[in-house]
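Asker: Following this message is one structure expressed as structure tokens.
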Amino acid sequence: MQKRSRTIPRVESQRARGRVTRSAVWAGAVAASLAVAVACSSSGPVGSRSGNGTPGGSGGSLVADARQVVKAAGEGLVYSATNTPSHATDLVPYGSWRGPTSAPAPQRNALVEIIPCTMQAASCATTAKSTAAAVKALGWRSDIITSGALTPEQAAQAFNVALSRRPQAIVAIAVNSPLAPQQISVAKKAGIVTVEVAAEPDPSQPVSYDAYVSFRQPLEFTLNAYAVIADSNGMASALGMDIVDIPELHAAYDQFKSVMAQCTGCKLSTISMTRVQLSDPTTMQQLVGAALAAHPSADYLQLPASEALPPVAAAVRQAGKRDKVKVLIEDADPVGLSGVTQGDATYDPGFSLGWLAYAGVDQVVRGLAKAPFLSTAQIALGIHLFSVSTAPKSGNADDYAGYDVYVAEYKKIWGIAS
């Protein structure tokens, strides 16, 4: 998911072009990695603003705040009204349901076409299947178009198939509007509700979907930054991967840097990469290996996507630093969660892909009723910081008990018996 941010597939069309099938599948996965203790009783901020939150060394208020964030996110869910919180106090324990408490009456007998970026990416495929489950719960029908939509050609074909079936709505998963602008325009003119899941609107694009559901990747990067600060007692020597020509990933990394910059005792060195390098596991392994050699004191490594983990883990092992460098990923998809349980990664913040899917279908419900769509803050996804103690061995984030709230809540506002 792309602008979205990830959980899903951040698919860039150029990434899939001119490559053999194996490389294209890798690109789709990286691009797409499209994932409570709700009993957290407190709804107040998890940090304090004492001391301006800037000291980064032992005993500094930033370290104390970071530890509170990590504790709250590791024990249950946390919430932020913004994707780019500037302080620990912007993150609060999720508490009781923060999402929508009402919805218009769902239309009857709707057909929803689901277009995932690629079924080769576990997060994208999971979100597509969860979307179909939410559609079925409403008594509607759906089709998942499995041919892929990584390139403009593929996306146009997938949308054309969807349009030929005359649906009431189309839900695209990590398929940005520049990939199929003509088809999206046709759909909107025909009164078909269009929703992109795992994305955010991009004002620079001439064509947009009717509604979006953000995967909130900058917020995932924020949690990782606090995890580094807390775990290192404000004395980290970190490496971070910045994908300079993918705006969504670059912006998420900027958020990571912004939080890390508050830590006066921390150091952050950047590995700058392009989308082409990110899509090639061999190149990525070489670049990370070179960075580890150039920064022998590095003890943390922030990745741009969970699908980047296999070559990065190989580079860390090859450098003999598996027990010295803690790898941080995000998205809480099967690749990332498996990496945590197998010891290749330490932290993996993420959202429930099922929750993301239900939120997307809820946008469809509102669109068909001509009701206002919801903002990211109103959708109110809860985020958890997975570690080895909470990462489901199944690799499915929805097997984490803290995510068991959203299905019942959406069925309640849709007027469906659980």
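Asker: So in segment 92-131, with the set limited to residues that are closer than 19 Å to I170 by Cα and of a type in the set (V, I, T), which one is farthest from the chain's Cα centre (by Cα)?
Answerer: Filtering segment 92-131 for residues that are closer than 19 Å to I170 by Cα and of a type in the set (V, I, T), the one farthest from the chain's Cα centre (by Cα) comes out as V112.
Asker: Count, please, the residues in segment 373-390 that happen to be over 16 Å from the mean Cα position of the chain (by Cα) and within 13 Å of V340 (Cβ to Cβ).
Answerer: Restricting attention to segment 373-390, the residues satisfying the condition of being over 16 Å from the mean Cα position of the chain (by Cα) are 373-375, 378, 387-390.
Narrowing further to those that are within 13 Å of V340 (Cβ to Cβ): 387-390.
Count: 4.
Asker: Mind checking which residues of segment 150-162 are aliphatic (A, V, I, L, M) and either closer than 19 Å to Q363 by Cβ or modelled with pLDDT under 95 (or both)?
Answerer: Within segment 150-162, L150, A162 meet the criteria.
Asker: Which of the following residues is more than 20 Å from I329 (Cβ to Cβ), modelled with pLDDT under 90, under 24 Å from the mean Cα position of the chain (by Cα) and surrounded by fewer than 22 Cβ atoms within 10 Å (Cβ to Cβ): V25, V20, V38, V46?
Answerer: V38
Asker: Please specify each residue of segment 143-162 satisfying the condition of being within 11 Å of C117 (Cβ to Cβ), among the aliphatic types (A, V, I, L, M) and part of a helix (DSSP H, G or I).
Answerer: Matches in segment 143-162: A155, A158.
Asker: Among the residues of segment 132-162, how many are buried (at least 17 other Cβ atoms within 10 Å of the Cβ) and more than 25 Å from the chain's Cα centre (by Cα)?
Answerer: 4
Asker: Quick one: count up the residues across segment 163-204 that are in a helix (DSSP H, G or I), more than 21 Å from V135 (Cβ to Cβ) and among the small types (G, A, S). First the steps, then the outcome.
Answerer: We begin by selecting, within segment 163-204, every residue in a helix (DSSP H, G or I); these are 163-164, 177-179, 181-189.
When the remaining residues are screened for being more than 21 Å from V135 (Cβ to Cβ), the result is 177-179, 181-182, 185-186, 189.
Of the ones still in play, those that are also among the small types (G, A, S) are 177, 185.
The total comes to 2.
Yes/no per residue for (1) at pLDDT below 95; (2) in contact with a His (Cβ under 6 Å, 6 or more places away or on another chain); (3) surrounded by fewer than 21 Cβ atoms within 10 Å (Cβ to Cβ):
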| position | (1), (2), (3) |
| --- | --- |
| K71 | no, no, yes |
| L77 | no, yes, no |
| S86 | yes, no, yes |
| L91 | no, no, no |
| Y94 | no, no, no |
| W97 | no, no, yes |
| A103 | no, no, yes |
| R108 | yes, no, yes |
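Asker: Just to be sure before I move on: is S338 farther than 28 Å from I170 by Cβ and surrounded by fewer than 18 Cβ atoms within 10 Å (Cβ to Cβ) in the structure I sent?
Answerer: no
Asker: Right, another one. T89 fails exactly one of the following numbered conditions: (1) more than 28 Å from N176 (Cα to Cα); (2) under 18 Å from the mean Cα position of the chain (by Cα). What is the number of that condition?
Answerer: For T89, the failing item is (2).
Asker: Let me ask something else. Within segment 349-365, is there a residue that is in contact with a Phe, Trp or Tyr (Cβ under 8 Å, 6 or more places away or on another chain) and more than 25 Å from A121 (Cβ to Cβ)?
Answerer: yes
Asker: Another question about this same structure. Anything in segment 87-137 that is part of a helix (DSSP H, G or I) and among the polar types (S, T, N, Q)? List them, or say none.
Answerer: Selection gives T89, S123, T126, T127, S130, T131.
Asker: If you take the residues in segment 184-238 that are among the β-branched types (V, I, T) and in contact with a Lys or Arg (Cβ under 9 Å, 6 or more places away or on another chain), which one is farthest from V112 (Cα to Cα)?
Answerer: Taking the candidates together, the pick is I229.
Asker: Which residue, of V335, V312, is β-branched (V, I, T), out of contact with any strand residue (DSSP E or B) (no Cβ under 8 Å at 6 or more places or on another chain), outside any loop (DSSP other than H, G, I, E, B) and closer than 24 Å to G350 by Cα? Steps first, please.
Answerer: On the way: V312 fails: out of contact with any strand residue (DSSP E or B) (no Cβ under 8 Å at 6 or more places or on another chain).
Checking each option against the conditions leaves just V335.
Asker: Of all residues in segment 357-378, count the ones that are closer than 20 Å to Q107 by Cβ, hydrophobic (A, V, I, L, M, F, W, C) and surrounded by fewer than 22 Cβ atoms within 10 Å (Cβ to Cβ).
Answerer: The number of residues fulfilling the criteria is 5.
Asker: A follow-up question, please. Tell me, which residue of segment 246-262 that is among the hydrophobic types (A, V, I, L, M, F, W, C) and surrounded by fewer than 21 Cβ atoms within 10 Å (Cβ to Cβ) is nearest to the chain's Cα centre (by Cα)?
Answerer: Kept after step one, since they are among the hydrophobic types (A, V, I, L, M, F, W, C), are these residues of segment 246-262: 246, 249, 251-252, 256, 259-261.
Among the residues that remain, those that are also surrounded by fewer than 21 Cβ atoms within 10 Å (Cβ to Cβ) are: 251, 261.
Details: A251: 13, A261: 23 Å.
The qualifying residue nearest to the chain's Cα centre (by Cα) is A251.
Asker: Do we have A397 as among the hydrophobic types (A, V, I, L, M, F, W, C), at pLDDT below 95 and under 17 Å from the mean Cα position of the chain (by Cα) here?
Answerer: In short, yes.
The values are calculated or read from the model by the stated rules, or taken from the named source; none is laboratory data. Because the structure is predicted, anything quoted here is derived from the model rather than measured. FYI the Cβ positions are ideal-geometry reconstructions off the backbone, even for glycines, and counts take in every protein chain you see.
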